[in-house]
Amino acid sequence: MTTPSPKQHHLETELVHAGTLRSAFGETSEALFLTQGHVYDSAEQCEARFKGDDPGFIYARFSNPTVAMLERRMAAFEGAEACRATATGMAAVTAALMGLVRAGDHVVAARALFGSCRYVVEEHLPRFGVTSTLVDGTDLDAWRAAVTPETKVFFLESPANPTLEVIDIAAVAGIAKACGAKLVVDNVFATPLWQRPLALGADCVVYSATKHIDGQGRCLGGLILGSNQLIQDNLHTPLRQTGPAMSPFNAWVMLKSLETLPLRVRRQTETAGMVADWLAGRSEVARLIYPGRADHPQADIIARQMSGASTLVAFEVHGGKAGAFRFLNALTLIRISNNLGDAKSLVVHPGTTTHQRFTPEVRAQMGVGEGLVRFSAGLEHPDDLIADIAAALAAI
Ligand SMILES: *Cc1c(COP(=O)(O)O)cnc(C)c1O
């Protein structure tokens, strides 16, 4: 296999070329190596491969050429030394958090988290003796106050799902550093295009590649990025031995999707901004949260830490759950689905789906009101989307 010499290009160029491992056939498009293992010329070579003296591939639970291309391309995108792909976003979150803690350790996390992320922090880690404190992520004093001598990890999502609440990543990274904890950032909502947590001081970034990275609603996937040392010391062996590996087929889909990610995410962000501005003037809308607008509660932080806004818009309609349901049911083009970052515009009622398992009190604390709707902008023409939304609002 040949690898192009590493040169620093613009992001769009890296996303088309970086990490390619071209085989002896000289294929133009990245090859799909749909193989669970590899054969060896001799027993000696096989021994050397297992000992780590020969750097080739062994078994797809450890690594695979197509998965490696995705990892190399994502590392170039994120500006990270190392990347590991996993089967789902939740496998990435769980592996990253569990790799950084031991029984007796403590985790501090922002309370506005994706439902499954909050489950891992609040219910899964405690089963192994890891305690946690959930804080209002926008309150820096709350992060400081939650630290104990056992605190090893800080975890946050920004913008958060589904409230689009934004946390000052550099400030939280500073607090983490001061107490010797590692900061893990779930960067799904921002996408690697609009926010670079490692440059802001985070130690580890995780993605659900299921969202914008696939971007066409086909495959599940997850990614973990950080320094060589962080990955090697904490995650390399647990990932190999516990087996949350990404399938080579899914890696191939994601790899090809990275080529078009800037085109898609830029267009989806423009469309989301147009929808948000249109919604802002409507009497049916009680509250609107969009990171690209000056009326976002953390607009000053967004200006400092994000280079673009969001492909998502959150808004609360009057009439609570009944109002939100009437709106969802009246849409004809925009579909009801819990995915996001998809080429198809999608809408979801978080209170009865992604955040359904929480009590109404916890939901309210997380900012998930009964009338809250989350809209994910797709690649359709914005005028068609706004017409669909206008007709559905009239049905409330
Ligand atoms: C979807 C999502 C996840 C989980 O990803 P899966 O690929 O569904 O496992 C984690 N965090 C955030 C913010 C998400 O939106």
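The values are calculated or read from the model by the stated rules, or taken from the named source; none is laboratory data. All of these numbers come straight from a predicted model, not from anything done at the bench. All Cβ positions, glycine included, derive from the backbone under ideal geometry; neighbour counts span all protein chains shown. Note: areas computed on protein heavy atoms with side chains; ligands, DNA, RNA excluded. Shrake-Rupley method; radii C 1.70, N 1.55, O 1.52, S 1.80 Å.
Within segment 173-196, count every residue that is touching a residue at least 12 places away in the same chain (Cβ under 8 Å) and part of a helix (DSSP H, G or I).
9
Test each condition in (1) touching a helix residue (DSSP H, G or I) at 6+ places or on another chain (Cβ under 8 Å); (2) in a helix (DSSP H, G or I); (3) among the polar types (S, T, N, Q) for GLN216 and report the one that comes out false.
Here GLN216 meets the rest and fails (2).
Going residue by residue through segment 247-265, is there one that turns out to be under 19 Å from ALA377 (Cα atoms), open to solvent by 10 Å² or more (accessible area, probe 1.4 Å) and in a helix (DSSP H, G or I)?
yes
Is it true that some residue in segment 109-122 is away from the ligand (no atom under 16 Å from the Cβ) and open to solvent by less than 40 Å² (accessible area, probe 1.4 Å)?
Taking every residue of segment 109-122 in turn, none turns out to be away from the ligand (no atom under 16 Å from the Cβ) and open to solvent by less than 40 Å² (accessible area, probe 1.4 Å).
Within the bounds of segment 322-329, is there any residue that is at pLDDT 95 or above, open to solvent by 20 Å² or more (accessible area, probe 1.4 Å) and within 23 Å of THR210 (Cα to Cα)? Walk me through it before giving the result.
Residues of segment 322-329 that are at pLDDT 95 or above, as a first pass: 322-329.
If we keep only those that are open to solvent by 20 Å² or more (accessible area, probe 1.4 Å) too, we end up with 322, 325-326, 329.
Within this subset, residues satisfying the condition of being within 23 Å of THR210 (Cα to Cα) are none.
The answer is no, given that none of the residues of segment 322-329 is at pLDDT 95 or above, open to solvent by 20 Å² or more (accessible area, probe 1.4 Å) and within 23 Å of THR210 (Cα to Cα).
On the given criteria, is PHE50 closer than 19 Å to LEU239 by Cβ, free of Cβ contacts under 8 Å to residues at least 12 places away in the same chain and either open to solvent by 60 Å² or more (accessible area, probe 1.4 Å) or in a helix (DSSP H, G or I) (or both)?
yes
Quick grid of which residues meet (1) touching a residue at least 60 places away in the same chain (Cβ under 8 Å); (2) of a type outside the set (A, V, I, L, M, F, W, C):
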{"site": "ALA171", "(1), (2)": "no, no"}
{"site": "LEU198", "(1), (2)": "yes, no"}
{"site": "CYS204", "(1), (2)": "yes, no"}
{"site": "SER208", "(1), (2)": "yes, yes"}
{"site": "GLY226", "(1), (2)": "yes, yes"}
{"site": "LEU230", "(1), (2)": "yes, no"}
{"site": "GLN241", "(1), (2)": "no, yes"}
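Between a residue in segment 80-105 that is farther than 26 Å from LEU11 by Cα and within 11 Å of the ligand (Cβ to nearest atom) and any residue that is among the β-branched types (Val, Ile, Thr) and modelled with pLDDT of 95 or more, which pairs come within a Cβ distance under 8 Å, given they are 6 or more apart or on different chains?
MET90/VAL120; THR94/VAL120
Kindly indicate the residue of segment 53-71 that is in contact with a strand residue (DSSP E or B) (Cβ under 7 Å, 6 or more places away or on another chain) and in a helix (DSSP H, G or I) and also most open to solvent (accessible area, probe 1.4 Å) among those meeting that condition.
GLU71
Kindly provide the set of residues from segment 174-212 that are surrounded by fewer than 24 Cβ atoms within 10 Å (Cβ to Cβ), within 16 Å of the ligand (Cβ to nearest atom) and charged (D, E, K, R), ordered by number.
LYS211
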